[in-house]
Amino acid sequence: MAASDHGALDVRGMAAAQVELDDMYFKPTVLHGSPGQRIRLKLSNEGSLDHNFSLTAQRINTDVAAGAKATVTVTFPRTGTLLFYCEYHRDRGMAGALSVG
């Protein structure tokens, strides 16, 4: 899946991190963490459209209205990468990843 690249952030050792949802991208797009690390993501929709944070592998599906905030807790995989996306705008590049290694 192609993603609009808006940078990466090393979150190893962190308990929480900010993730901006904007019109057609996540910022940062890739979060680098430790294997099995749990982290709270503070989502902030800075765009003019309603967005969503979905991580199918962990049954997370959270809507975030324009101008609103939400929080989700995710777990990094033991190896490799897990993809997250906006269910409304995935086909327009609104996707990202949790990555280890």
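Rule-based calculations on the coordinates, nothing more; no lab input. Worth saying up front: this structure is predicted, and the values here are computed from it rather than measured. Positions of Cβ are backbone-derived with ideal geometry, glycine not excepted, and every protein chain shown enters the neighbour counts.
Kirkwood Rh over Cα pairs of the chain into Stokes-Einstein at 20 °C, 1.002 mPa s: D in µm²/s?
Value of D from the Cα-based Kirkwood radius: 163 µm²/s.
To the nearest 0.05, how large is the calculated FRET efficiency for A17 and A68 if R₀ is 25 Å and r is the Cβ-Cβ distance?
Computed FRET efficiency for A17 and A68 comes out at 0.90.
Would you mind computing, in nm to one decimal, how far apart the modelled labels at T75 and S34 are, each placed 7 Å from Cα along Cα→Cβ?
With each label placed 7 Å out from Cα toward Cβ, I get 1.6 nm.
Per-residue HN-Hα couplings for the stretch 11-19, Karplus 6.51 cos²θ - 1.76 cosθ + 1.60 at θ = phi - 60°, whole Hz, x for Gly and Pro?
Each residue of the stretch 11-19 in turn: 10, 4, x, 8, 8, 8, 8, 8, 10 Hz.
In percent, how large is the relative contact order of the chain, given Cα pairs closer than 8 Å and 6 or more residues apart?
In percent, rounded to a whole number, it is 30.
Residues with amide H under 5 Å of G47's amide H, sequence separation 5 or more or different chain, H placed in the peptide plane at 1.01 Å from N; which?
D23, G67
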